[in-house]
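Take a look at the structure set out below.
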Amino acid sequence: TVDWRNAAKTAPWWSWFGGIPGAAFVLFITLFIPYRGAAVVSGVTICAQMVTSLFVDSFAFFGCNHRPATIPRLIGIALMIAGVLMVALG
């Protein structure tokens, strides 16, 4: 269970930075979907999350287990980026 009275005191320092990127994400989605379309914006969002996840796993940030960026993982991300480019430019 969570002790809500002490949650702010015991939270990791980096947990306070979620609000600003979250607000920026909502702003980005709101502004760019009318111009680029939902498919492109969703694809870019998912690719950015995958690249960030690969980076976090590779360097074991935020207490995650270390998972190296292997060739198959890099190829998978490259294929995702290529797919988004095909949707965006096609």
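The values are calculated or read from the model by the stated rules, or taken from the named source; none is laboratory data. Owing to the predicted nature of the structure, the values given are computational and were not obtained by experimental measurement. Virtual Cβ from ideal backbone geometry, glycine too; neighbours counted across all protein chains shown. The area values use the complete protein model at the heavy-atom level, side chains included, leaving out ligands, DNA and RNA. Shrake-Rupley method; radii C 1.70, N 1.55, O 1.52, S 1.80 Å.
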Task: Matching residues, the range 6-47, being farther than 23 Å from Ile77 by Cα and among the basic types (Lys, Arg) - done: Lys9
Task: Residue that is farthest from Phe61 (Cα to Cα) [pool: residues in the range 2-20 that are surrounded by 10 or more Cβ atoms within 10 Å (Cβ to Cβ) and of a type in the set (A, V, I, L, M)] - done: Ala7
TODO: Sort through Val51, Val44, Val40 and tell me the only one that's surrounded by 12 or more Cβ atoms within 10 Å (Cβ to Cβ) and more than 30 Å from Trp13 (Cβ to Cβ).
DONE: Val40
TODO: Give just the number: which of (1) modelled with pLDDT under 90; (2) surrounded by fewer than 11 Cβ atoms within 10 Å (Cβ to Cβ); (3) assigned to a helix (DSSP H, G or I) does Phe28 not satisfy?
DONE: (2)
Task: Filter result (under 18 Å from Trp14 (Cβ atoms), open to solvent by less than 70 Å² (accessible area, probe 1.4 Å) and outside any helix (DSSP H, G or I)) within the range 55-90 - done: Ala60, Cys64
